[in-house]
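Student: Below: one structure in structure tokens.
The values are calculated or read from the model by the stated rules, or taken from the named source; none is laboratory data. Quick caveat: nothing in here was measured; it's all calculated off a predicted structure. Here the Cβ is made from the backbone with ideal geometry for all residues, glycine too, and neighbour counts use every protein chain on show.
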Amino acid sequence: MALRMNPEEVDRLAREIASRLPSSSPADVRRAVAQSLSVLETTVLDEATLERVRLLNERMEELVWSKLPPDIRGNGISQAEQDEILGYGPAGHCV
């Protein structure tokens, strides 16, 4: 896949990053961009992981979700129900 970049946009983004750093030296900006790449590497799922997630969802559908009553299925529990399960009172403190 060819990479097409708008140099003006890239420069604007680099300046935006630099404006938010304590120091806007080229080394600091380079480090910030490298950190962004590191975050992407840890959050983007590879094909094998995506396939495992797909298979897990299939099994959950077959073994768990299909057993739930239709009126419950697909509905999360409310914040009040979550608080009750966790033992939080109306003020948000444990009771």
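Student: Under 17 Å from the mean Cα position of the chain (by Cα) and hydrophobic (A, V, I, L, M, F, W, C), is that true of VAL39?
Tutor: Here the answer is yes, as VAL39 does meet what is asked.
Student: One residue is enough: does the stretch 72-89 have a residue meeting the conditions charged (D, E, K, R) and part of a loop (DSSP other than H, G, I, E, B)?
Tutor: yes
Student: Hey, another quick one. Could you list, in sequence order, all residues of the stretch 7-47 that are modelled with pLDDT of 80 or more and not in a helix (DSSP H, G or I)?
Tutor: LEU21, PRO22
Student: Under the condition of being among the aliphatic types (A, V, I, L, M) and exposed (fewer than 10 other Cβ atoms within 10 Å of the Cβ), which residue from the stretch 40-51 is nearest to SER19 (Cα to Cα)?
Tutor: Among those residues, the one meeting the criterion is LEU40.
Student: Based on this model, can you work out whether ASN57 counts as surrounded by fewer than 10 Cβ atoms within 10 Å (Cβ to Cβ), under 23 Å from the mean Cα position of the chain (by Cα), over 30 Å from ALA14 (Cα atoms) and not aliphatic (A, V, I, L, M)?
Tutor: no
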